[in-house]
Amino acid sequence: MISMQCIGCGAEYSINDVICGCDKCGDLLEVRIDEESLREKIEKEEWKLRPISVWKYKEFLPIFDETKIVTLNEGGTPLYKCEKLAKEFGIKNLYVKNEGANPTGSFKDRGMTVGVSKALELGVKAVFCASTGNTSASLAAYAAKAGLPCIVLVPAGKIAIGKLAQAMMYGAVVVAVKGNFDVALQMATEASKKIGLYLLNSINPFRIEGQKTAAFEICDQFGWQTPDRVILPVGNAGNITAYWKGFKELKALGLIEKPPKMVGVQAAGASPIAKAFAAHSDTIEPVENPETIATAIRIGNPVNWKRALNVLKESNGAALAVTDDEIVKAQKLLARREGIFIEPASAASIAGLKKLVENGEVNVDEAIVCVATGHGLKEPEAVVKACGGIIEIDPSIEALERVIKA
Ligand code: F0G
């Protein structure tokens with residue numbers, strides 16, 4: 001049996017109900033997979049031999065009609081051992097899971113391959129989301145592949161040009177709202193009910209199902225061991241929720257022994273979860289006007305806050321905030337030491353690790369995975385600004401020599 005359950009009041013729903021929130025109390029829904037039937041399926045070793053990808057773990061995913069699967073070959077992203085950066089930080093075992101290697105350049109593709117497949121299975125007529133950029137780019141691509149009309153709502157003037165270009169090129173109707181992401185998501189949630197559009201933000205439980213496969217891949221890449229700590233940037237807090245769900249499912253099935261500590265990193269100007277964690281509070285105070293260079297996580301009222309605080313508690317993890325300056329420095333450092341180019345929001349995980357090490361909160365021997373959630377080419381404006389000028393010369397060897405000598 002597989003069903004959906006409300007995280008607030010516990011109400012049960014059929015896996016094939018077209019809803020994204022509890023009808024009774026309004027809280028979020030979560031997919032519940034029956035452990036026994038899953039155990040039977042995965043006891044066969046055959047699946048372990050498949051190459052890593054989201055659909056390697058199809059037994060864990062709530063899609064029943066394989067002809068409805070919409071895929072662009074997502075997942076299977078590299079886990080880099082970063083020795084130079086580890087040395088610079090004074091630790092021994094640092095890995096970066098490069099989710100920018102997904103088809104549209106971010107981790108969102110894991111959620112969208114499952115979410116849009118489910119949309120086809122449910123027979124919905126159109127898909128919809130609010131987004132700081134990556135969700136819209138990813139949904140637009142998967143909707144195009146599925147042949148579904150797609151509408152995306154983005155905060156006007158606050159989305160990176162690369163992400164906007166993707167959504168437009170994939171053929172989505174792009175609507176910019178004069179307000180921030182929190183306003184856009186509130187509108188999208190209301191409009192999806194009123195107009196009957198299928199919402200594919202991270203309040204959609206099938207998005208979380210797809211995204212949990214990144215946790216499976218990390219364990220797979222560690223030879224079915226686990227790192228001690230996984231650090232990831234947090235905006236709406238769907239991804240940290242998804243990773244933890246993934247680790248917990250593996251633990252329940254005896255595939256891993258000890259799930260890692262989960263660490264969420266927010267930008268200082270948009271850090272309600274980090275603030276709640278520091279204050280030992282079990283609720284957040286939304287930030288009314290969130291501001292940060294990391295536009296992907298410029299979110300003041302994360303819808304998954306309750307689940308995120310729970311993840312921190314259950315995993316004995318932590319949340320912290322980093323400044324824009326720390327984010328830009330970390331972005332440059334990863335590119336210049338390890339050749340991995342990530343967007344500012346993703347660099348929050350690296351900046352967060354640096355801070356934890358400096359504060360003495362990390363043991364030098366720990367195995368640590370930082371999740372790089374999105375590709376650096378998504379936000380070229382921020383990069384050009386951060387890296388300074390280009391040297392222009394006359395077309396002569398002498399001019400070139402002068403520059404090289406200088
Ligand atoms: N990193 C990147 C690159 C993102 O695009 C996002 C979220 C996050 C981290 C945070 O993930 O929200 O699950 O905590 N981007 C969303 C979007 C909000 O609309 O693209 P989260």
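The values are calculated or read from the model by the stated rules, or taken from the named source; none is laboratory data. Everything numeric in this text was worked out from a predicted model, so none of it was measured. Ideal geometry is used to build each Cβ from the backbone, glycine not excepted, and the neighbour counts take in all protein chains shown.
If you check residue 397 against the conditions, is it surrounded by 11 or more Cβ atoms within 10 Å (Cβ to Cβ) and of a type in the set (A, V, I, L, M)? Judged against the criteria, residue 397 is not a match.
For segment 116-135, the set of residues classified as away from the ligand (no atom under 13 Å from the Cβ) and on the phi < 0 side of the Ramachandran plot consists of 116, 117, 118, 119, 120, 121, 122, 124, 125, 126, 127, listed by residue number. Condition test on residue 165, is it surrounded by 16 or more Cβ atoms within 10 Å (Cβ to Cβ) and at pLDDT 95 or above? Taking the combined requirement at face value, the residue does not satisfy it. Those helices (runs of 4 or more DSSP H) of segment 158-236 in which at least 3 residues are aliphatic (A, V, I, L, M) and more than 12 Å from the ligand (Cβ to nearest atom), considering only elements entirely within it, cover 161-169, 181-191.
Kindly establish whether residue 268 is within 16 Å of the ligand (Cβ to nearest atom) and either in the same structural domain as residue 304 (by TED's automatic domain parsing) or over 22 Å from residue 206 (Cα atoms) (or both). Taking the combined requirement at face value, the residue satisfies it.
From the list 148, 185, 197, the lone residue that is crowded, with 24+ Cβ neighbours inside 10 Å and either under 27 Å from residue 311 (Cα atoms) or in contact with a helix residue (DSSP H, G or I) (Cβ under 8 Å, 6 or more places away or on another chain) (or both) is 185. Every test in (1) surrounded by fewer than 24 Cβ atoms within 10 Å (Cβ to Cβ); (2) assigned by TED's automatic domain parsing to the domain that holds residue 355 is passed by residue 94 save one, and that test is (1). If you take the residues in segment 291-310 that are surrounded by fewer than 24 Cβ atoms within 10 Å (Cβ to Cβ) and more than 11 Å from the ligand (Cβ to nearest atom), which one is nearest to residue 381 (Cα to Cα)? Looking at residues that are surrounded by fewer than 24 Cβ atoms within 10 Å (Cβ to Cβ) and more than 11 Å from the ligand (Cβ to nearest atom), I get 293. Just so you know, in segment 322-376 the residues that are free of Cβ contacts under 8 Å to residues at least 24 places away in the same chain and of a type in the set (Gly, Ala, Ser) include one that is nearest to the ligand (Cβ to nearest atom), and it is 339. Across segment 358-377, the qualifying residues are those that are farther than 16 Å from residue 96 by Cα and in contact with a Gly (Cβ under 8 Å, 6 or more places away or on another chain), and the one among them that is surrounded by the most Cβ atoms within 10 Å (Cβ to Cβ) is 377. Among the residues making up segment 84-125, a single one is charged (D, E, K, R), over 20 Å from residue 334 (Cβ atoms) and in contact with a Lys or Arg (Cβ under 6 Å, 6 or more places away or on another chain): 121. Checking the structure you have, find out if any residue of segment 87-103 is touching a His at 6+ places or on another chain (Cβ under 7 Å), in contact (Cβ under 8 Å) with a residue 12 or more places away in the chain and not hydrophobic (A, V, I, L, M, F, W, C). Within segment 87-103 (the criterion being touching a His at 6+ places or on another chain (Cβ under 7 Å), in contact (Cβ under 8 Å) with a residue 12 or more places away in the chain and not hydrophobic (A, V, I, L, M, F, W, C)), the answer is yes, since at least one residue qualifies.
Every residue, every condition in (1) at positive phi; (2) in contact with a Leu (Cβ under 9 Å, 6 or more places away or on another chain); (3) within 16 Å of the ligand (Cβ to nearest atom), yes or no:
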site: 35; (1), (2), (3): no, yes, no
site: 52; (1), (2), (3): no, no, no
site: 61; (1), (2), (3): no, no, no
site: 88; (1), (2), (3): no, yes, no
site: 100; (1), (2), (3): no, yes, yes
site: 104; (1), (2), (3): no, yes, yes
site: 108; (1), (2), (3): no, yes, yes
site: 111; (1), (2), (3): no, yes, yes
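Of the candidates 223, 238, the single residue that is out of contact with any strand residue (DSSP E or B) (no Cβ under 9 Å at 6 or more places or on another chain), of a type outside the set (Lys, Arg) and without any contact (Cβ under 8 Å) to a residue 12 or more places away in the chain is 223.
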